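J.: Sending over a structure as structure tokens; questions will come in a sec.
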Amino acid sequence: QVQLVDTGGGLVQAGGSLRLSCAASGRTFSNYGMGWFRQAPGKEREFVAAINWTGGRTNYADSVEGRFTISRDNAKNTLYLQMDTLKPEDTAVYYCAASPNVGLAITRAEYAYWGQGTQVTVSS
């Protein structure tokens, strides 16, 4: 079992920045590929970004490429999502997730453990 706790959400104006964190506990953090997903009201949960177990490989949704940066600190058992140049359409609940696939997992089905979510609201 892996327990994940998402923090860092909030209200920000368009063009601003936020940094999300995801603290992991339980099994060895570096044994998992990690990712961020988001879900806006009335929409499906969608992929945002993924990172492999070393942190050396990343993948992003087209909608956030160049604005968001995923990273991890295996010594601190923590995953991060730096979000810059935020847009109103980025408003959603953001979830971190852990996958037994130590590479890049980009589909929901590949993830076994989920955080509780943190709300990000971007005002125009």
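The values are calculated or read from the model by the stated rules, or taken from the named source; none is laboratory data. Predicted model, so just to flag it, every value in this text is computed and none were measured. Using ideal geometry, Cβ is built from the backbone for each residue, glycine included, and neighbour counts are taken over all protein chains shown. Ligands, DNA and RNA are stripped out before the accessible areas are found, and what is left, the full protein with its side chains, is counted by its heavy atoms. Shrake-Rupley method; radii C 1.70, N 1.55, O 1.52, S 1.80 Å.
J.: Taking 1 over the mean of 1/r across every pair of different Cα atoms in the range 2-72, what Kirkwood radius in Å do you get?
T.: Details: mean 1/r = 0.0735 Å⁻¹.
Over the range 2-72, the inverse of the mean reciprocal pair distance is 13.6 Å.
J.: Taking 7 Å along the Cα-to-C-beta vector as the label spot, tell me the Lys76-Ala40 distance in nanometres, rounded to one decimal.
T.: Label-label distance for Lys76 and Ala40, simple model: 3.0 nm.
J.: Working with all protein chains in place, sort Ile70, Ile106 by solvent-accessible area computed with a 1.4 Å probe, largest first.
T.: Values: Ile70 10, Ile106 80 Å².
Listed by decreasing accessible area, they come as Ile106, Ile70.
J.: Placing unit charges on C-beta atoms (Lys and Arg positive, Asp and Glu negative, everything else neutral), compute the dipole magnitude of the chain about its Cα centre in debye, rounded to 20. The partial results should precede the final answer.
T.: Details: 11 positive and 10 negative charges, 51 e Å.
Its charge dipole is roughly 240 debye.
J.: For the chain, which longest stretch is free of loop sites, where a loop site is one of the GluC sites (Glu not before Pro) that DSSP puts outside H, G, I, E and B and that has at most 13 other Cβ atoms within 10 Å? Walk me through the numbers before you get to the answer.
T.: Values: sites that count: Glu44, Glu65.
Longest stretch, sites excluded: 66-124.
J.: Could you tell me which trypsin sites (Lys or Arg not before Pro) in the range 23-112 are loop residues by DSSP with no more than 15 other beta carbons within 10 angstrom of their beta carbon?
T.: Numbers: sites: Arg27, Arg38, Lys43, Arg45, Arg57, Arg67, Arg72, Lys76, Arg108; in loops: Arg27, Lys43, Arg45, Arg57, Arg67, Lys76.
For trypsin sites (Lys or Arg not before Pro) across the range 23-112 that sit outside H, G, I, E and B with at most 15 neighbouring Cβ atoms in 10 Å, the list reads Arg27, Lys43, Arg57, Arg67, Lys76.
J.: Next up: Counting only heavy atoms of protein chains, what accessible area per residue, in Å², does the range 27-106 have with a probe of 1.4 Å?
T.: Heavy-atom accessible area per residue stands at 46 Å².
J.: Follow-up question, since we're still on this one. Please give the contour-minus-distance gain from Ser123 to Ser63: 0.36 nm per residue of separation, less the Cα-Cα distance, rounded to one decimal in nm.
T.: Values: separation 60, 0.36 × 60 = 21.60 nm, distance 1.77 nm.
Working it through step by step, the gained length comes to 19.8 nm.
J.: Which loop-located chymotrypsin sites (Phe, Trp or Tyr not before Pro) does the range 1-69 contain, where loop means any DSSP state but H, G, I, E or B and the Cβ has at most 14 other Cβ atoms within 10 Å? Write down the numbers at each step before the final one.
T.: Working: sites: Phe29, Tyr32, Trp36, Phe37, Phe47, Trp53, Tyr60, Phe68; in loops: Tyr32, Trp53.
Of the chymotrypsin sites (Phe, Trp or Tyr not before Pro), not one in the loops of the range 1-69 has a Cβ with at most 14 other Cβ atoms within 10 Å.
J.: Can I ask one more? Could you tell me what % of all Cα pairs in the chain have separations over 16 Å? Walk me through the intermediate numbers first.
T.: Values: 4256 of 7626 pairs.
Across the chain, Cα pairs with separations above 16 Å total 56 percent.
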